[in-house]
Structure formats: C-alpha cells, structure tokens
Amino acid sequence: MVPTVPPAVSPHRRPPRGTVRAYFRNIRLALSTAFDGMSVTMSYMFRRPLTIQYPDKIDKPVQEMLPESYRGVLEVDMDRCTVCLQCQKICPLGCINIESCKNPETGNREVTKFDIDIGLCMYCGLCAETCNFDALDHTREFEATVTTPDQMILHFVEKPREVTKLKAAEMPVRKHKGSILQKMIPAFGRRHPQEVWTPTAYAAAPVPALKAPTATPKPAAPVASAAPSAADSPTPEQAP
Amino acid sequence: MNIMHYLADLLVRSLFKADPATWPYTWIAYAVVIGVGALLAFAFVAIFAGPVTWIERRIAGRIQSRIGPNRNGPQGCLQWLADGIKCWLKEDLVPATADKPLYLAAPYLVFTGMFGAFVVLPFGAHVIAADLNVGLLYILAVTSLVVVGLLMAGWGSNSKWALFGGVRSAAQLVSYEVPSAFSLMAVVLMAGTLSTQGIVGAQGGWPWQWFVFRNPFLFAAFIMYFISAIAEGNRTPFDLPEAESEIIAGYNIEYSGMRFLFFLFAEWANMWIMAAVATLAFLGGWQIPGISPERIAEAKGWTFVGWQALSFAIFVFKGTCLVFTIIQIRWTLPRLRVDQLMITCWKYLVPLSMGSATGVLLLMALVREGGIVDWVMRGAMLLVGLLVAGAYIRKVRATFMADRDNYKKMEGRDLWYPPYRLP
Ligand code: SF4
Ligand code: SF4
C-alpha cells in the first residue's frame, strides 16, 4: 500500500492569492512582528521585576509574606498542652515523643519530655488538626537548617513541668505562632530585613545549647537502620 | 598616515634622534608598535567581551521580569571575572575518540578568525591598526576562517551533536556570507573604495550624511546586513548551531575549560565586529559632527589627541548601541527552524540585497550627488528613520500603559521601574 503523501502546503491555512503578494506579505509580517516584539521587550526594561530577593533585600521577612495556613515547622505551647497524647498517636511517622509521669511528692502529673523530630516530620498537619487545645500548630518558620543532626529534634520540655489542669476556655492565650521556636533556635529568629546575609555572620550565630538526646532515635541512625545491611554491622548507637 | 605609523616614527625620532626614513633599525620600532597595538586590540576584546556578558545577562533578566546576576561584586559587575576564572580552573578534557590535533586547534582558529578582523576596524580618526585598501573584503575573508574552525571542532569532537552543530554552522555562515557581502557591496559602490577608512571618510558626522539615510536602497541594505550579520555570528534567532532543544550545545559540546571559553570569547568578539562593521559602513563610523577629517589630521598636540579620543568615543558609542540592539533581539525573537533559516537567506535576503545593490547603482547613475533629488531623498529617509523611532517609542509606551493600572491595583505598587534603578 502506498502511503499518502501529505500536501506540501499546510491545509489549515488559506494560501494567499498570488505568490508575489505572499512574498511581500511575508516581508511585511517579519518586520512588523519583530517591531512589535521588540517594543514589548523594551517596555519590560521599565517594569518592576517580579523577583523577591530572599533573604536580604526584602521589605519584610519572608515568613510574613507566606499565607497564614502555611505548614512550617511545628511548635507546641506547653502552657496549653494537656498531654492527651492524641498528636503522638495520630502521627503516621512517630516523630512526636511525649513522656509524662506522676510526681510522687505533689501527686500532680508532670510532663518530662515533648520532642518533635522535624527531620522526620513530613508536615502533613494531622497532629495540629487533632490537638483540641490549640497547643500544637504549624508556624510559618521554614529556615530549619541546623549544624548537627541531633539539633533537628526540638525539645519543648527542658525540665519536668506540671501539666495544666485548666479547661480550654480558661487557658492562657496561645502565644504568637513562631515566638516559641524563635527562642529555641537562633536561626529561626527574624533577621533585620535589610541585614546582609553572609556566611560568617551565620556561622558566628551561637549554636543553641540543647540537651543531648538520650532515648530518642537519632536522626542520623534511621538512614543506617533502614538499610538492609544495618543488621550485619550495627552502628555504635544501635549496639546497646 | 595612521596613528601606529605616526607613533613608531615619533619613537624613532625622539628616542634615537634618527630619521625614520633612513635609519636601518626602523623596522624594530615598527614591530614593537605593532606588538603593542595587537595587545591593545586584545585588551579591548577582553574588556569588551567580559562585561558585555554580564550586561547581557542583566538586560535579559529585566526583559524576563527577573534581576540577573547581582551578587558578585557591586551589582554583580564582577560576575564575568568569576565565570572566566572558573573556566580557567576547569579540566581541559579531550574525548578518547576525538581527532586530537583538529580538536585542540579548532578554538584557536575560531578565535584567530574573529580577532583578525580587528586589524582593519577604524576605532577613531587615526586609531586603526592597518588601513588596508581591501579592508571590507579582508573582514569578510578572515572571518570566514571561523567556518573552518567550527567544522574542525564539530568533526574533531567525534560526537554527532557536535558534528550537526558544526555542519549547520558552516552551512549558515556560507549562505549568509552572500547577502551580507551584497549589502556591503552597495556601500562599497557608494564610497568607491574597499578601505574601511575610505568608507568612513565618504560619509560625514551628521545623520543625513550617513550612508544609511542616503537612499532607500541603502536603508534596506543596512537592515539586511544587520540580519545577515546576526546570522553569521550564530546569534538568536539564527543560533541553530547551538540549538539546545535539538543538538544540546552544538559544535562546542565536548569542550571544557579554557577551550570552551575561547568559543564564547569569539562569539562575543564577533558581536562587536558586526556592530562595528555596520557602524563604519552605514552609520558614519567615527565621524565627529561638524568636524571634517582634514581638520583632525591638521590638528597638533593635545588637540589632535582630543579629536582622536572623541572620535573613538563616538565609534564605540554607536557600536555599543548596535550591540544592545543585538542583545535585545536575542531575548525577543524565537529561534528559526533550519528550513526557515535557509528560506530567509536564499529566497528573501539574497535577491533583495542584490536588488538593493542594483538600485544603488541605478541611483548613482541617475541622481547627481548633492543635487536636489539627492537631498530630497536624504530628507525623506531621515524622516522615515525618525518616524520609525517615534512609532517604536509610542508602541513601547502603549505596551507599558496597558498593564500599568492593573499592576497598581493588584500589587499596590507602581509598575514604573526604570533601567537605571538597579534592584
Ligand atoms: S505534621 Fe504529620 S508527620 Fe509531622 S508531626 Fe504532625 S502528624 Fe507527624
Ligand atoms: S499538643 Fe495537643 S494533642 Fe498533643 S498532647 Fe498536647 S494537648 Fe494533646
């Protein structure tokens, strides 16, 4: 079977009458469209660029430009947390680690640990949805860079503290979102908008003195333990 | 007498107290001055090609609503140095299956072809390395050496993409040589000489004395020369030899480090060459308005140096304006297809440029220079030029105004952000 030869001229466009006319029409079109295009691009030389020059040359911190509902690093307001453990249970990845006990002297419940592993968290928002007391929430902080892996575990309880017994309506107002995180990690602190970012300035920022995690899984370890060969050669952390 | 000759004679006269015509070692002074001149031309290429890469990227940024490189040095003006140093430090790779001698020699051939053209570019009234009597022909001939270099690069790399790029580039250069030569021929006919200084001398400082506004055929020849020069320089919209979407990078795909930089360097140098040739052939070259070349030649001492500097500045200014136009064209027009490229050349540019050369001949035979018809023609062409410029400004303003109010409503800020305001 002989394949049909497609027509040389596109059937979709009506061929202009007369080849000579088409010839000069093409010249006119080439010049006029180039002229139009040039004037459009020239007009962009006088327009404001769209680029937001993160992180330094901006009018206000990027965190404030993000929408309210942005799901950034998690933060818990311990004044409102009742240690109901709902968030720990619902987290699909198990990155929330809460421990509490009864103080034998006072008989009150005390929370001894509230850790969130932001290296493991996938920012799904389930925990924040579940919290009935508006204690756990996403902030608009996203610059979560830290210098060592164990700093990725945020310790919201430094020393054992009493669990609140108040009803939701009586609790203190939720602290401004992000304010707790900013105190914990200097990198989360708002820089002055016009301050120029330099590597030295960043390195000179004090590394937060965080308690070394004891029983929490190390973020460096999951990679090794996930590998099939991890069982053959246990890392020092896994050994005990 | 050009400035290098003059300087060499001055050197002999003042330093050795000898007459340059009879002194037996005059040729040494000439050799030294030629060497220094070559170095100066090289420095001009380097100093021009480097920052223009940065300027082009800034302009491209603004055209695309971006900002462009602005972190390296004040407003990013040292970006080109950083890029250059990076290329110096990269390893010079040679593919295992490459044709080694061809592969290694190709960048130098390309660069030599470009650099050779600088010999006859008249930068100022007497600032020229050598005023050859075949100047324009020499430029056309020596820049054709680039074709050999590109073919060598394409073939020597032993890569199909490089070969495609090299062959495309050769086909393109050879085709577009024809219309560009015909357009320049119109100028040569008008000036009656091939010498670049002679062509500049046949024009004057005022726009109505430039060849571009002499008659409609020369106006058309200018546009056609500009198009074919862009095509010869492998610039967008004719950059098929390096079409990323089809052949990744073209002839320079296997190159790295300094050799790669040489290709880029040649491309930028070539941009200047085509702008300079268009300037000298159509836009009056270095001619200072109201000052005749004789007056410059007769000037003495600092006046002479001042005229030279002014003419140099005028030439570089005109050339730079054209370079900016080329840059803007690059960021405006999309790339042509291979067949469209060849159609543009052989169906449109070649017959039209032949026609314009013939038209110039006819007008030269029929119209007396300086006569009333000549002046009417010059005035009409100048008017056409002004009208085009006016229409352009109006169109730019209309495009801007169409979006201004909406932007203000949406963003709460003024859209106006002039180019001199660097973000
Ligand atoms: S956001 Fe999702 S993954 Fe992260 S802690 Fe909450 S429930 Fe777990
Ligand atoms: S953060 Fe909310 S959900 Fe989690 S334990 Fe505290 S009160 Fe319960």
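Here are some conditions: (1) within 16 Å of ligand 2 (Cβ to nearest atom); (2) surrounded by fewer than 18 Cβ atoms within 10 Å (Cβ to Cβ). A:P55 meets all but one. Which one does it not meet?
Checking A:P55 against (1) within 16 Å of ligand 2 (Cβ to nearest atom); (2) surrounded by fewer than 18 Cβ atoms within 10 Å (Cβ to Cβ), the one that fails is (1).
Is one or more of the residues making up region A:123-136 within 9 Å of ligand 2 (Cβ to nearest atom) and of a type in the set (D, E)? Talk me through it step by step, then tell me what you get.
Quick first cut of region A:123-136, residues within 9 Å of ligand 2 (Cβ to nearest atom) only: A:127-128, A:130-136.
Next cut, of a type in the set (D, E) only: A:134.
Yes, the conditions are met somewhere in region A:123-136.
For the structure I just gave you, tell me whether A:K167 is away from ligand 1 (no atom under 14 Å from the Cβ), loosely packed, with under 15 Cβ neighbours inside 10 Å and modelled with pLDDT under 90. I'd like the intermediate steps shown before the answer.
Working: away from ligand 1 (no atom under 14 Å from the Cβ): yes; loosely packed, with under 15 Cβ neighbours inside 10 Å: yes; modelled with pLDDT under 90: yes.
For A:K167, the condition - away from ligand 1 (no atom under 14 Å from the Cβ), loosely packed, with under 15 Cβ neighbours inside 10 Å and modelled with pLDDT under 90 - is met.
Out of the residues in region B:72-85 that are surrounded by 14 or more Cβ atoms within 10 Å (Cβ to Cβ) and not in a loop (DSSP other than H, G, I, E, B), which is farthest from the other protein chains (Cβ to nearest Cβ)?
First, the residues of region B:72-85 that are surrounded by 14 or more Cβ atoms within 10 Å (Cβ to Cβ): B:72-73, B:75-84.
Adding the requirement that they be not in a loop (DSSP other than H, G, I, E, B) leaves B:75-76, B:79-84.
Working: B:Q75: 11, B:G76: 12, B:Q79: 16, B:W80: 21, B:L81: 20, B:A82: 16, B:D83: 21, B:G84: 23 Å.
In this case the residue turns out to be B:G84.
Step by step: first the residues of region B:380-405, then only those that are more than 12 Å from chain A (Cβ to nearest Cβ) and touching a Leu at 6+ places or on another chain (Cβ under 9 Å), then the one that is nearest to B:Q75 (Cα to Cα). Which residue is that?
Top of the filtered list is B:D405.
I'm checking my understanding of the structure. Among residues of region A:51-80 that are within 14 Å of ligand 1 (Cβ to nearest atom) and under 30 Å from A:K165 (Cα atoms), which one is farthest from the chain's Cα centre (by Cα)?
Selected residue: A:V76.
List, please: which pairs have Cβ atoms under 6 Å, are six or more places apart or on different chains, and start with a residue in region A:123-140 that is in contact (Cβ under 8 Å) with a residue 60 or more places away in the chain and away from every other protein chain (no Cβ under 14 Å) and end with one that is more than 10 Å from ligand 1 (Cβ to nearest atom) and of a type in the set (F, W, Y)?
What qualifies is A:R140/A:Y70.
So, in region B:21-49, how many residues would count as being buried (at least 18 other Cβ atoms within 10 Å of the Cβ) and over 20 Å from B:G116 (Cβ atoms)?
2
Take region A:58-78 and flag every residue that is exposed (fewer than 15 other Cβ atoms within 10 Å of the Cβ) and either among the charged types (D, E, K, R) or at the interface with chain B (Cβ under 10 Å from one of its Cβ atoms) (or both).
A:D59, A:K60, A:E64, A:E68 - these are the residues of region A:58-78 that are exposed (fewer than 15 other Cβ atoms within 10 Å of the Cβ) and either among the charged types (D, E, K, R) or at the interface with chain B (Cβ under 10 Å from one of its Cβ atoms) (or both).
Limited to region B:287-302, what total is found for residues that are surrounded by 13 or more Cβ atoms within 10 Å (Cβ to Cβ) and under 26 Å from the mean Cα position of the chain (by Cα)?
6
For region A:81-113, which positions are in a strand (DSSP E or B), away from ligand 1 (no atom under 11 Å from the Cβ) and touching a helix residue (DSSP H, G or I) at 6+ places or on another chain (Cβ under 9 Å)?
Answer for region A:81-113, where residues must be in a strand (DSSP E or B), away from ligand 1 (no atom under 11 Å from the Cβ) and touching a helix residue (DSSP H, G or I) at 6+ places or on another chain (Cβ under 9 Å): just A:I98.
Considering only region B:273-387, give the helices (runs of 4 or more DSSP H) lying wholly within it that have at least 2 residues that are closer than 21 Å to B:I223 by Cβ.
Correct list: B:301-330, B:338-343, B:350-366.
Can you report the number of residues in region B:222-250 which are touching a Phe, Trp or Tyr at 6+ places or on another chain (Cβ under 9 Å), under 29 Å from B:L280 (Cβ atoms) and either in a helix (DSSP H, G or I) or of a type outside the set (A, V, I, L, M, F, W, C) (or both)?
13
Does region B:159-187 hold any residues that are closer than 25 Å to B:L362 by Cα and among the hydroxyl-bearing types (S, T, Y), and which are they?
Correct list: B:Y176, B:S180, B:S183.
Out of region B:22-71, which residues are within 14 Å of chain A (Cβ to nearest Cβ), touching a helix residue (DSSP H, G or I) at 6+ places or on another chain (Cβ under 9 Å) and assigned to a helix (DSSP H, G or I)? Walk me through it before giving the result.
We begin by selecting, within region B:22-71, every residue within 14 Å of chain A (Cβ to nearest Cβ); these are B:55-71.
Filter once more, keeping what is touching a helix residue (DSSP H, G or I) at 6+ places or on another chain (Cβ under 9 Å): B:55-60, B:62-71.
Within region B:22-71, B:I55, B:E56, B:R57, B:R58, B:I59, B:A60, B:R62, B:I63 meet the criteria.
Under 7 Å by Cβ, and 6 or more places apart or on different chains, what pairs join a residue from region A:29-45 that is at the interface with another protein chain (Cβ under 7 Å from one of its Cβ atoms) and without any contact (Cβ under 8 Å) to a residue 40 or more places away in the chain with one that is of a type in the set (A, V, I, L, M) and not in a helix (DSSP H, G or I)?
Once the first residue is at the interface with another protein chain (Cβ under 7 Å from one of its Cβ atoms) and without any contact (Cβ under 8 Å) to a residue 40 or more places away in the chain and sits in region A:29-45, its partners that are of a type in the set (A, V, I, L, M) and not in a helix (DSSP H, G or I) give A:A34/B:L333; A:G37/B:L333.
The values are calculated or read from the model by the stated rules, or taken from the named source; none is laboratory data. Model, not experiment: these values are computed from the prediction. Cβ: placed from backbone, ideal geometry, glycine included. Neighbour counts: every protein chain shown.
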